[in-house]
1. Longest span of the chain, sites excluded, free of GluC sites (Glu not before Pro) in DSSP loop with at most 13 other C-beta atoms within 10 Å?
2. Rounded to whole Hz and in sequence order, give me ³J(HN,Hα) for region 84-91 from the Karplus expression 6.51 cos²θ - 1.76 cosθ + 1.60, θ = phi - 60°, writing x for Gly and Pro.
3. Over 32 Å between C-alpha atoms is what I'm after, so list which of Lys24/Lys86; Lys41/Lys311; Lys40/Lys86 land there.
4. Just rank His261, His226, fewest to most, by other beta-carbon atoms within 10 angstrom.
5. Taking the alpha-carbon centroid of each part, what is the distance from region 220-238 to region 273-320 in angstrom?
6. Where the centroid of each part is defined by its Cα atoms, how far is region 103-171 from region 52-101 in Å?
7. How far apart, in nm, are two points set 7 Å out from the Cα along the Cα-to-Cβ line at Arg18 and at Asn139?
8. Give me the three principal axis extents of the chain from the C-alpha atoms, as integers in angstrom, largest value leading.
Amino acid sequence: MPFADISGHDRIIEVLRRSLRGGKTAHSYLFEGVPGCGRKKTALTLIQALFCTVLPDDACGACPSCRKIDGGNHPDIHLIAPLPDKRDISIEQLREMQHDLSLRPYEAPRKACIIDPAERMSVSAANSLLKTLEEPPGNALIILLTENAGLLLPTVRSRCQLIRFAPLSPEHMLSLLQLGGMGADTAALVAPMSGGSLQRAVELDNESLVARREAVLSRVSQLNIHQISTVFDAAEELSGNRDTTLELLDMLLSFYRDAVHLGAGSGEIVNRSVRPAIESIATRRSLRRNLELLERIYETKRDVQRNANPKLALDHLFMSMAGSSR
Ligand SMILES: [Zn+2]
């Protein structure tokens with residue numbers, strides 16, 4: 001796929017294309033970022049552009065080499081990952097790969113290899129790779145993918161050009177999910193909860209999330225300051241560990257943003273499939289009060305991110321949400 005099909009990493013792509021044009025790509029790269037943010041796609045496109053017989057700094061997508069890479073069957077590319085029943089990438093796998101890199105390429109100008117996830121190389125495997133990273137045989141290109149460069153041996157890190165991939169922004173995520181066929185309101189629900197990982201967003205799109213959304217809307221609609229158990233029961237049921245609480249808060253943010261839109265007279269909301277519930281949030285309180293609550297949810301999210309106790313944080317938040325109606 002051409003670089004233009006990769007979302008959210010324009011600056012990185014510009015740097016890579018410039019080095020392709022100048023014939024100055026590094027021997028070894030280390031791509032750091034959350035899985036599912038586009039690291040592997042970028043790595044494959046970089047190799048594709050390097051091998052492409054038509055374009056100097058991009059993949060044309062149509063020449064035999066580009067088509068083979070898109071089809072996952074180019075003979076000069078190695079993808080190294082832990083074997084199915086193993087935790088780590090073994091030294092044997094790397095030895096075999098290194099031997100192959102030393103042979104003449106079948107059809108590409110050079111060979112290429114992606115190691116993913118690089119932090120799963122055993123120490124002996126990583127050590128065996130040092131010389132190859134420094135001077136890859138046959139001018140091969142080696143790309144390591146990792147979630148956290150700090151998990152790799154410093155000797156491995158220092159031999160690679162480090163490129164940091166930011167998590168995908170919610171806006172990029174939203175458009176990618178919808179391009180992939182996800183409904184707009186599901187995409188709007190999972191995008192802020194995905195941590196910038198497309199993979200995670202797709203995993204989130206399942207029945208349990210829909211069930212959780214129903215549970216959250218139902219608990220929120222029952223909050224009543226004159227029946228204090230509604231506050232503590234809701235916090236008890238909906239809080240969990242830090243991550244599930246942050247997910248819940250992202251969900252509430254999405255609902256209250258929609259309620260504020262409705263209150264301000266805009267008909268456009270993202271949570272369309274639960275519109276009646278959002279309308280009832282919007283009409284139960286004044287616009288000003290809903291804006292205050294939206295701000296309270298943001299504050300609670302920041303507190304939980306800073307390690308506040310999830311249950312206590314939700315107790316306080318739900319107390320505000322149960323409070324005065326107007
Ligand atoms: Zn091509």
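What follows draws every value from the coordinates through simple rules; no lab data is involved. Predicted model only: the values in this text are computed from it and were never measured. Neighbour counts are summed over all protein chains in view; Cβ atoms, including those assigned to glycine, are modelled from backbone coordinates with ideal geometry.
1. The answer is 108-267.
2. x, 9, 10, 7, 10, 7, 8, 5
3. Long pairs (Cα-Cα over 32 Å): Lys24/Lys86; Lys41/Lys311.
4. In order of increasing Cβ crowding within 10 Å: His226, His261.
5. Measuring centre to centre over Cα atoms gives 13 Å.
6. So the two Cα centres are separated by 12 Å.
7. 2.3
8. 77, 40, 31
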